[in-house]
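Undergrad: Structure provided below as structure tokens; questions to follow.
Read the figures in this text as sums done on the coordinates, not as results from a lab. Every value quoted in this text rests on a predicted model; they were computed, and no experiment measured them. Cβ placement follows ideal geometry from the backbone for every residue including glycine, while neighbour counts extend to all protein chains displayed.
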Amino acid sequence: MKHHLILLLALPMAGLGNPSQPPAGTAVSIPAAVDLRPRLEAAGITPRQQGGRGTCSVFTVTAALEHALARPGKPAGRLSVEYLNWASNQAVGQAADGGFFSDLWKGFEAWGICNETEMTYGAIFEPDRKPEPKVIGHAKEQASRLRMNWIKPWDIKTGLTEAQLAAIRQTLAKGIPVCSGLRWPEKPRWENDVLRMCPPDQVFDGHSILITGYQPDVSQPGGGTFSFYNSNRPDKPCRLPWGYALAYMNDAMWIGPAE
């Protein structure tokens with residue numbers, strides 16, 4: 001990574017919940033580009049395939065939890081997407097495949113999360129499937145250690161503001177991946193692994209991704225791109241123009257230690 005820096009103006013963000021965030025009006029120096037993927041991969045956190053199920057948000061939050069629970073020299077290991085999906089359903093009283101970040105967090109706070117080997121991911125959603133009682137017992141021990149921090153609470157009527165876009169870059173510069181939900185193209189088009197822009201009448205709500213880095217690129221809408229993990233395209237690199245995020249990003253959050 002080159003060590004050129006860019007300056008961002010830190011603006012107040014409601015609900016960000018980060019005591020280390022600098023005061024409003026403070027100039028923040030961050031690298032011109034950040035790529036967390038090598039570090040994530042070294043910890044065993046790689047993109048996974050969701051298959052034909054609507055669980056993109058669960059894969060996204062699970063990967064963020066794997067990062068947040070990992071310790072130097074001691075990766076958290078692969079955590080159970082299936083368990084988190086079950087926990088979310090228990091917490092909000094539904095039987096659905098996938099859910100909002102806020103619902104998944106309610107599930108984690110109430111029931112924690114277990115290892116992938118203790119509740120493996122199924123090819124199809126089974127509403128009556130549940131973990132063993134002993135698994136639930138130790139899974140709950142993880143819940144009090146972490147906190148969810150909003151950069152942009154869910155709102156399908158808006159994309160990001162410039163301040164929220166800056167907050168995502170600041171978070172990535174601290175070494176923390178960002179969970180994001182977007183309105184997604186009905187027919188995604190890729191060019192050199194970059195998702196192409198499309199008009200509002202050709203997107204739907206939506207798809208969730210884990211943002212893993214950023215890089216300036218004046219050829220792209222918004223002047224740069226985010227790199228991300230995509231559970232619908234785990235075998236290929238993926239990038240998202242900043243202009244797409246400004247137009248279509250519904251929400252963004254990160255997971256860190258409880259204070």
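Undergrad: Restricting attention to region 229-243, report how many residues are more than 13 Å from Pro188 (Cβ to Cβ) and in contact with a Cys (Cβ under 7 Å, 6 or more places away or on another chain).
TA: Looking only at that region, the number is 1.
Undergrad: Specify the residue that is nearest to Ile211 (Cα to Cα); the eligible residues are those in region 149-200 that are of a type in the set (Ser, Thr, Tyr) and not in a loop (DSSP other than H, G, I, E, B).
TA: Taking region 149-200 as the starting set, the residues that turn out to be of a type in the set (Ser, Thr, Tyr) are 158, 161, 171, 180.
Subset that is not in a loop (DSSP other than H, G, I, E, B): 171, 180.
On the way: Thr171: 10, Ser180: 7 Å.
This residue is Ser180.
Undergrad: Could you tell me which of the residues Thr46, Thr55, Thr62 is within 15 Å of the chain's Cα centre (by Cα), among the polar types (S, T, N, Q) and surrounded by fewer than 16 Cβ atoms within 10 Å (Cβ to Cβ)?
TA: On the way: Thr55 fails: surrounded by fewer than 16 Cβ atoms within 10 Å (Cβ to Cβ); Thr62 fails: surrounded by fewer than 16 Cβ atoms within 10 Å (Cβ to Cβ).
Result: Thr46 is the single residue among Thr46, Thr55, Thr62 that is within 15 Å of the chain's Cα centre (by Cα), among the polar types (S, T, N, Q) and surrounded by fewer than 16 Cβ atoms within 10 Å (Cβ to Cβ).
Undergrad: Across region 78-125, what is the number of residues that are among the small types (Gly, Ala, Ser) and over 19 Å from the mean Cα position of the chain (by Cα)?
TA: 7
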